[in-house]
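To start, the structure under review is shown below, and the notes come after it.
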Amino acid sequence: MPPSAPRGTLLLLPPLLLLPLHAVLAVPLERGVPNKEEPPATESPSGKLSRELDFVSHHVRTKLDELKRQEVSRLRMLLKAKMDAQQEPNVQVDHLNLLKQFEHLDPQNQHTFEARDLELLIQTATRDLAQYDAAHHEEFKRYEMLKEHERRRYLESLGEEQRKEAERKLEEQQRRHREHPKVNVPGSQAQLKEVWEELDGLDPNRFNPKTFFILHDINSDGVLDEQELEALFTKELEKVYDPKNEEDDMREMEEERLRMREHVMKNVDTNQDRLVTLEEFLASTQRKEFGDTGDGWETVEMHPAYTEEELRRFEEELAAREAELNAKAQRLSQETEALGRSQGRLEAQKRELQQAVLHMEQRKQQQQQQGHQAPAADPEGRLKFHPDTGAGPGLGGRGCRATIPGSEVGVAGVWTPRSERGGAGSWAPGSEGGGAGGLDPWV
């Protein structure tokens, strides 16, 4: 259930003007000679209230003037930002004409807050609240149609026996919901006396409309606003709706509260400013309808919020939206599968790169180990010679290579054995092509 917006004339006023306007309506009036003559009898409904501005104190008027100038400045900044986004640079903007699109102040007077500004504020707020109520009714209608649509689809999904049982249970819930005490017509003598007796704890035989009005003017501003009026309907609503009962819909209760308030405003608020004055309230108690309530108040279930034709169009709209959502879901599923395949390929490439890096690291480590490996030597630390297969025969020697410590370079030369020279064998460096003679080197 969406939260209910605050009730009252000041709901949608600009923030800079909200507080002063409330001060104007709440401040004690300094009675004296008004600055202007009495308006003609054909003045607008909000004209009477706006004329009260003539009686407020000087410091309040000064504050209102200041705040109006701030509001005009704020609107100009908004207009400039909007025009800068839509037009080419160096284009002159007529702010005075543009300010006329804002209906909550008088654009002709941009410096002082006058009765005309207050009247425009009241008219704008009243219109905005009426639009809010209309939107609330439309939202409730769609809620009820959706509820009925889902109920019918649920019943269609059941078998014959299950459907009959579900329909029987629904009828039983509706029967229990209809079994409630009589609901009094909002604003009637019976309804107000019930509040007087049960909520105020006073003798119903001593009911006094003026005293009742003063008791329920919670903020003592001389009028009953929409919140104060709706508080009077709580007792009637409790007869029909109980949050503990599954058959009682709390959204229907809020719609019922709104219908009750609109009924009272229609019959009591004669100037249609969404505020009930004491004079309007006392006048309503003198009408015949005040005491004659007939069979009582007809609740929401007695007045369906939609017709079968509206329900049919709503279901067609739902079907179109469902088809659109299904097509979008299918596209998203296909895109998800494509992304999954791409991810698989990327993962395979990642693994290949990781293996390549690992292989390169292993080769690098092997090369480093070979570079630091000690040269071959005999047990006594002498060089170890290896035959050079590329050496050719020589004069008593054989081509060999020696590994020099600290280097991997093999040096070619000829080894002369001891028996040929009568002394110890010797090493004579030479070319890799072979030297003179050759015997087997020491291994």
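The values are calculated or read from the model by the stated rules, or taken from the named source; none is laboratory data. These numbers were taken from a predicted model, which means no experiment stands behind them. Cβ coordinates were reconstructed from backbone atoms using ideal geometry, including for glycine residues, and neighbour counts include every protein chain displayed. The area values use the complete protein model at the heavy-atom level, side chains included, leaving out ligands, DNA and RNA. Shrake-Rupley method; radii C 1.70, N 1.55, O 1.52, S 1.80 Å.
Among the residues making up the range 179-202, those that are among the acidic types (Asp, Glu) and open to solvent by less than 70 Å² (accessible area, probe 1.4 Å) are 194, 200.
Annotation note: Cβ proximity below 7 Å between a residue of the range 168-191 that is in contact (Cβ under 8 Å) with a residue 60 or more places away in the chain and a residue that is of a type in the set (Phe, Trp, Tyr) (sequence gap 6+ or interchain) occurs for 183/297; 184/297; 185/297; 186/233; 186/297; 188/290; 189/290.
Return the residues of the range 262-306 that are outside any loop (DSSP other than H, G, I, E, B) and touching a residue at least 60 places away in the same chain (Cβ under 8 Å); say none if nothing qualifies. Talk me through it step by step, then tell me what you get.
Initially, the range 262-306 is screened for residues outside any loop (DSSP other than H, G, I, E, B), giving 262-268, 276-284, 288-290, 300-302.
Passing the criteria: 262, 263, 264, 267, 268, 278, 281, 282, 284, 289, 290, 301.
When residue 269 is tested against (1) over 24 Å from residue 220 (Cβ atoms); (2) open to solvent by less than 50 Å² (accessible area, probe 1.4 Å), just one condition goes unmet, and that condition is (1).
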